[in-house]
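First up is the structure itself, then whatever we jot down about it.
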Amino acid sequence: MDQNAMKDAVGRAAVEKLVRSGMKLGLGTGSTAIPAVRHIGLLLQQGKLTDIRAVPTSFQTSIECEKWGIPLFTLNSAEIGGSLDLTIDGADEVDPQGNCTKGGGGALLVEKVVAYASAAYAIVVDETKVVGNLGLRFPVSVEVVPEARVTATKALESLGAEVALREALRKAGPVITEHANILLDIRFKKPIDVAAMETELNRIPGVVENGLFTRKHPTVFVGRGDGSVEVRE
Ligand SMILES: O=C(CO)[C@H](O)[C@H](O)COP(=O)(O)O
């Protein structure tokens, strides 16, 4: 089974198991979360789901919801009232405890606000994302105000990280996030205390948010090459 089919299968499995009519849903960003959004859209169009109120985590997700007619709100909308029943999102890496890193698609700031405002949290990944320790192979994303690029880089290096400014692919210069910030990608040489590091990174002046997600205990759906989906509660 190719990777796209695996992402489709894992997104569908999470929606089938967890999404119910009447829910207030956080919808994630990226190539694994979007098939879950599509499946919700399909079920709404078929009348198998009703009264879904969705909060998207990015421009990409909003566009996908618009395509499917999924009703969109913000966390501030009266219809949402700052809390969600469930969020489904992808991840860059997930460890055996369900801690994960996010932000490869640059949307970590709203993804974290939405995740931490959700009663239940589900992560959908393919099997290549499952690791023993976070942040050694795929970098942890750190969203920083542009004015703090150099000072934050030095502070991150003093925590033992290798730091790289995320460059845009088809534009000269850095990636600019949906909140007009830059992203520093940091990689560690040895395993870190992920919960402590999530707090520590946000203490650096100019850091807006970081891509370590350790305060939720998600249900993790892992898509495998043979087409099966493992559910880790
Ligand atoms: O955190 C994210 C975006 O900010 C994504 O969920 C994460 O990067 C995984 O994306 P993909 O499923 O495309 O690999």
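Only the coordinates and a few stated rules stand behind these numbers; no lab work does. Computed from a prediction, not measured in an experiment: that's the story for all the values here. Reconstructed Cβ throughout: ideal geometry from the backbone, glycine too, with neighbour counts over all protein chains shown.
Report the GluC sites (Glu not before Pro) located in segment 76-163 that are in a DSSP loop and have at most 16 other Cβ atoms inside 10 Å of their Cβ, or state none.
The qualifying sites are GLU79.
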| task | Report, for the chain, the % of DSSP beta bridges that are antiparallel, rounded to 5. | result | 55 percent
| message | What does the charge count around SER228 come to, taking other residues whose C-beta lies under 12 Å from its C-beta (Lys +1, Arg +1, Asp -1, Glu -1)? | response | -3
| query | Sorted from fewest to most neighbouring beta carbons within 10 Å, what does the list ILE123, ILE63 look like? | reply | ILE63, ILE123
| task | Would you mind ranking ASP85, ASP185 by Cβ crowding within 10 Å, fewest neighbours first? | result | ASP85, ASP185
| said: For a test of the definition: using alpha carbon positions, the gyration tensor, and the 1.5 limit on a/c, classify segment 1-117 as rounded, prolate or oblate. | reply: oblate
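Could you please rank ASP51, ASP126, ASP89, placing first whichever residue has the fewest other Cβ atoms within 10 Å of its Cβ?
Values: ASP51 11, ASP126 23, ASP89 30.
Going from sparsest to densest Cβ surroundings: ASP51, ASP126, ASP89.
Ordered by packing density, taken as the mean number of other Cβ atoms within 10 Å over each peptide's residues, highest first, how do 192-200, 32-40 rank?
Numbers: 192-200: 16.1, 32-40: 25.0.
In decreasing order of mean packing, 192-200, 32-40 become 32-40, 192-200.
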